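The values are calculated or read from the model by the stated rules, or taken from the named source; none is laboratory data. Keep in mind it's a predicted model, so treat the numbers as computed, not measured. Heads up, the Cβs are rebuilt from the backbone with ideal geometry, glycines too, and the neighbour counts pull from every protein chain shown. All accessible areas refer to the heavy atoms of the entire protein, side chains included, with ligands and DNA or RNA removed. Shrake-Rupley method; radii C 1.70, N 1.55, O 1.52, S 1.80 Å.
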Amino acid sequence: MSLVRVDDVSFGYARDRRILDAVSLDITAGDTIGLVGESGSGKTTLLRLLLGLQRPASGSISFDGTPLDPGNAAFMRSFRRQVQVVFQDPYSSLDPRQTVSSIVAEPLRSLRVPGDHTQMVADALASVGLDRDAARRYPHQFSGGQRQRIAIARAIVPSPKLLLADEAVSALDLTTRTRIVDLLRRLGAGMSLVFVSHDIGVVAALCRRIVILEKGRIVEAGETVAVLANPQHPYTQRLLASVPRLKSKDTSP
Amino acid sequence: MTAAAETQAVERRQHSLTLYAGAVLVGIHVVIALLTLVWLPYDPSAMAGGRLEPPSWLHWVGTDRLGRDLFTQLMIGSRIALMVGVGAVAIGAVIGVTLGLLAAFASRWLDDALAATLDILIAFPTLLIAMLVVAASDTASLSTAIVALGIALSAIVARLTRILAKRVLLMDYITAARTSGTSWLGIVLIHVLPNIWPTLSVNFALQFGLAVIAEASLSYLGLGAPPPNASWGRLLQEAQGTVYTAPIGAIAPGVALVSLVIGMNLLADGLREAIDPTRQAR
Amino acid sequence: MSALLDVHRLTIRTGTTTLVRDLSFQTASGERVGLIGESGSGKSLTALAATGLLPAGLVAEGSVELAGQQVIGTPDNQLDQLRGTAAAIVFQEPLTALDPLKRVGRQVAEPLSRRARRDGRPLSGTALDGAVLALLDEVALSDPTRIARAYPHELSGGQRQRIAIAMALACRPDLLIADEPTTALDVTTQAEILNLLDRLVRERNMALLFISHDLPVVANTVERVVVLRKGEAVETGPVATVFGAPQHDYTRSLLAAARSFDDALEGRS
């Protein structure tokens, strides 16, 4: 069944400069979807609309059958608990003046989630592979990959149904990147995951379904394996041909 | 040890020296100010000796033209200066931080309007604004002077707060706080204030010096605390007529004023070094 | 064989921290060499040290010879000459490498006329304008006349990087150093810029020192690689050998990570 329904959504100030143009998308429970696009594709705007940080100019977004309405406080509180996000830059996404425990506990405090917060934070840290004593330390004491784990812990601590990731591994080193992708894949088993990225290789490794965005429009969508094996739209074909591969080309002149 | 590391170590020693020197200078004034609450060498408003006596063991910096002990008056001046500095900065901070945060969070047009107003206010010298406020209240008293200076400083604080807060609001952890359901008030208290506080507090130390100088100027013009409050500015003004016969009467309040302001500025510099993590040892 | 760039036992320190340790490699004229490493590997510092551009506070020891001239310890004014002719650098972020207040045509004209003066054939007026347009055409910018009149912010990221490459080419260097030149670009733009670099390096018979964290990009661009980790070279050799039969565990782990995404794209995971 459908968890999030994006129905004919457009966003933008003038009719001829649409950031998003008539986008429709169904996110079912337990799905992993990769939103792939280059700069100017509108993928980050779509993510902000899905988070309820901005409202579409036309069209509608509904969550669990209820339309997304920032004015509806009771609905928004349950929505915030169900939908969490991880950002690209692990250096900007953690408040440098707070301890890790206070950072991870923020959704629990703000959304007044019942239960033992200390234990829930410890569980979240454990499930992203961080030591229990990480809780007492500050963000600057961690590497980029560890910081991204902290950000993921904050996102999963209220047990959301949907996790949104905005280029969540793009700022990380290659070896760190594979570990975080593995972590997200493991977490994706228990919730829906929408992974926004320009990196089609990471999306291919992580997502069951893929949506290709170009200039605010969805040009192709489907099962990742099928789309990669047989891309239909010329833009998808060009995108795939542009991705550098390790083997392939002969290095002799 | 390489040259670069040596330079770093020397710099760090200089920084702690700055902080230390500032703390000592300000500390002397604080101790004297506290002392005046319980003990004074002489009655500040009574004749304690001959007129315009030179410095002696009985009168460390001599007496004024009414025969009052000058050192006693300087001590009271320390207390007044500190009260003015603390009071004006506190008022400036409360008004300024509130306005600055409002502007940072406000919608586009309100922010633009507030920013333009602040820019205009800052174009006026602090002293001029303070004089206008005193004139409007039509009684010159110490508390009027403090309120006037606080209002004058608030524009500077507000502008700085607005810029600092806007920078913090761009960070992803603010968006993360919003998607975690944290209210705007919560965002201000938990994220914005703690992150702008270090820079603000350094600025407050500098504003303190500004306020002390401005109060001395107000008193010099007769718009500050009226007698018998011995503000350094009024001592300077009273010594003006006898500056050639008894120069110590003008020099002493000047030295007192400069030492407090320099001390506060050194303290601000030292604080800046101490709380800026990028300048600390790696 | 006399190398165009000969780095021998290069060590870079700041304070008590060693950022690059005992690094040696050579680039022959016309050769394409890649420096691979993750963040903190010292790859960008090595590029700066090769042209004597290390920021103050960083100390280089060992030897760096560029076109037979020792770079370490040589005063800046003597290196200026060398930088203009022997080597030119293209950086990751073209927006910060370009002057925002000057039309790009004028920015390309500067190194062009400097190089021409140095060769004893000064260029000016229409001859210089013509040379600028020819260069913009060479880096495959469509409509060079319009672009020469544009300011950097009016261009796309890919167009700006082409301008930066044109400025590097204007010096007619024997060695082109490219420091993550496509990292800030979209995938489709990256492919175009890599093709352009490949063509230019071959046509002009330049040597290329290509610095990147991206293994597939390096694999398709250079002949020989140096794998850096925390300032030390862990493995050096021809691309086919290093990527085909890696000897060091670190190289193996990098390759395994890169291959996992490759395989996913091929539908094997």
### Subset tally (residues that are in a loop (DSSP other than H, G, I, E, B), open to solvent by less than 60 Å² (accessible area, probe 1.4 Å) and not β-branched (V, I, T)) for region C:44-67
5
### Query
When you scan region A:98-116, how many residues do you find that are in contact (Cβ under 8 Å) with a residue 40 or more places away in the chain and facing another protein chain (nearest Cβ under 7 Å)?
3
### Query
Can you name the residue in region A:1-31 that is among the hydroxyl-bearing types (S, T, Y) and open to solvent by 20 Å² or more (accessible area, probe 1.4 Å) and, of all such residues, is nearest to A:R185 (Cα to Cα)?
A:T28
### Query
Would region A:140-157 turn up any residue that is open to solvent by 30 Å² or more (accessible area, probe 1.4 Å), free of Cβ contacts under 8 Å to residues at least 60 places away in the same chain and more than 12 Å from every other protein chain (Cβ to nearest Cβ)?
yes
### Complete set of residues in region B:80-125 that are outside any helix (DSSP H, G or I) and among the hydroxyl-bearing types (S, T, Y)
B:S107
### Message
Name the single residue that is nearest to the other protein chains (Cβ to nearest Cβ) among those in region A:60-97 being among the basic types (K, R) and more than 19 Å from the chain's Cα centre (by Cα).
### Response
A:R97
### Task
Kindly check whether there is at least one residue in region B:212-225 that is in a helix (DSSP H, G or I), open to solvent by 50 Å² or more (accessible area, probe 1.4 Å) and within 22 Å of B:V31 (Cα to Cα).
yes
### Message
Considering only residues that are open to solvent by 50 Å² or more (accessible area, probe 1.4 Å), closer than 15 Å to C:G84 by Cα and either assigned to a helix (DSSP H, G or I) or in contact with a helix residue (DSSP H, G or I) (Cβ under 7 Å, 6 or more places away or on another chain) (or both), which ones fall in region C:100-121?
### Response
C:E110, C:R114, C:R117, C:R118
### Query
Name the residues in region B:132-186 that are of a type in the set (S, T, N, Q), within 14 Å of chain A (Cβ to nearest Cβ) and surrounded by fewer than 19 Cβ atoms within 10 Å (Cβ to Cβ), would you?
B:S183
### Message
Criterion first (buried (at least 24 other Cβ atoms within 10 Å of the Cβ) and away from chain C (no Cβ under 11 Å)) does A:L164 satisfy it?
### Response
yes
### Message
Among the residues of region B:56-79, are any open to solvent by less than 70 Å² (accessible area, probe 1.4 Å), without any contact (Cβ under 8 Å) to a residue 24 or more places away in the chain, out of contact with any helix residue (DSSP H, G or I) (no Cβ under 7 Å at 6 or more places or on another chain) and in a loop (DSSP other than H, G, I, E, B)?
### Response
yes
### Message
Among the residues in region C:204-216, are any out of contact with any strand residue (DSSP E or B) (no Cβ under 6 Å at 6 or more places or on another chain) and either on the phi > 0 side of the Ramachandran plot or without any contact (Cβ under 8 Å) to a residue 12 or more places away in the chain (or both)?
### Response
yes
#### Entry: Filter result for B:N229 (part of a loop (DSSP other than H, G, I, E, B) and closer than 30 Å to B:S137 by Cα)
yes
## Note on the structure
Among (1) at positive phi; (2) in a helix (DSSP H, G or I); (3) hydroxyl-bearing (S, T, Y), A:T118 falls short only on (1)
### The listed residue being closer than 13 Å to A:P244 by Cβ and of a type in the set (V, I, T), out of C:V242, C:V222
C:V222
### Query
From the residues in region C:68-88 that are surrounded by fewer than 14 Cβ atoms within 10 Å (Cβ to Cβ) and of a type in the set (D, E, K, R), which one is nearest to the chain's Cα centre (by Cα)?
C:D80
### Query
Within region C:229-239, is even one residue open to solvent by less than 30 Å² (accessible area, probe 1.4 Å), among the acidic types (D, E), more than 10 Å from chain A (Cβ to nearest Cβ) and on the phi < 0 side of the Ramachandran plot?
yes
### Task
Evaluate the following for A:Q119: is it over 14 Å from A:V86 (Cβ atoms), open to solvent by 60 Å² or more (accessible area, probe 1.4 Å), within 13 Å of another protein chain (Cβ to nearest Cβ) and out of contact with any strand residue (DSSP E or B) (no Cβ under 7 Å at 6 or more places or on another chain)?
no
### Query
Any idea how many residues of region A:210-221 are open to solvent by 20 Å² or more (accessible area, probe 1.4 Å) and out of contact with any helix residue (DSSP H, G or I) (no Cβ under 6 Å at 6 or more places or on another chain)?
4
### Query
Taking into account only those residues within region B:121-139 that are out of contact with any helix residue (DSSP H, G or I) (no Cβ under 6 Å at 6 or more places or on another chain) and among the small types (G, A, S), which is farthest from B:L82 (Cα to Cα)?
B:A123
### Conditions (1) more than 9 Å from chain B (Cβ to nearest Cβ); (2) open to solvent by 30 Å² or more (accessible area, probe 1.4 Å); (3) assigned to a helix (DSSP H, G or I): number failed by A:G129
(3)
### Message
If the requirement is being closer than 20 Å to A:A204 by Cβ, under 14 Å from the mean Cα position of the chain (by Cα) and within 13 Å of chain A (Cβ to nearest Cβ), which of these qualifies: C:V222, C:V187, C:V217?
### Response
C:V217
### Message
Taking the conditions exactly as written (in contact (Cβ under 8 Å) with a residue 12 or more places away in the chain, open to solvent by 40 Å² or more (accessible area, probe 1.4 Å), more than 14 Å from chain B (Cβ to nearest Cβ) and not in a strand (DSSP E or B)), does C:S24 satisfy them or not?
### Response
no
### Task
Only one of these is surrounded by 20 or more Cβ atoms within 10 Å (Cβ to Cβ) and either acidic (D, E) or over 25 Å from C:V7 (Cβ atoms) (or both): C:D198, C:D186. Name it.
C:D186
### Task
Please list, ordered by first then second residue, the pairs with beta carbon atoms under 6 Å, 6 or more apart or interchain, first in region C:42-60 and closer than 11 Å to C:I89 by Cβ, second at pLDDT 90 or above and open to solvent by 10 Å² or more (accessible area, probe 1.4 Å).
C:S44/C:D179; C:A47/C:D179
### Options C:S39, C:S29: the member that is under 19 Å from C:G68 (Cα atoms) and surrounded by fewer than 17 Cβ atoms within 10 Å (Cβ to Cβ)
C:S29
### Query
Which pairs do you get when a residue that is touching a residue at least 12 places away in the same chain (Cβ under 8 Å) and in a strand (DSSP E or B), found in region A:216-227, comes within reach of a residue that is surrounded by fewer than 18 Cβ atoms within 10 Å (Cβ to Cβ) and of a type in the set (G, A, S), reach meaning Cβ atoms under 9 angstrom, with the pair 6+ apart or on two chains?
A:R217/A:A22; A:I218/A:A22; A:I218/A:S24
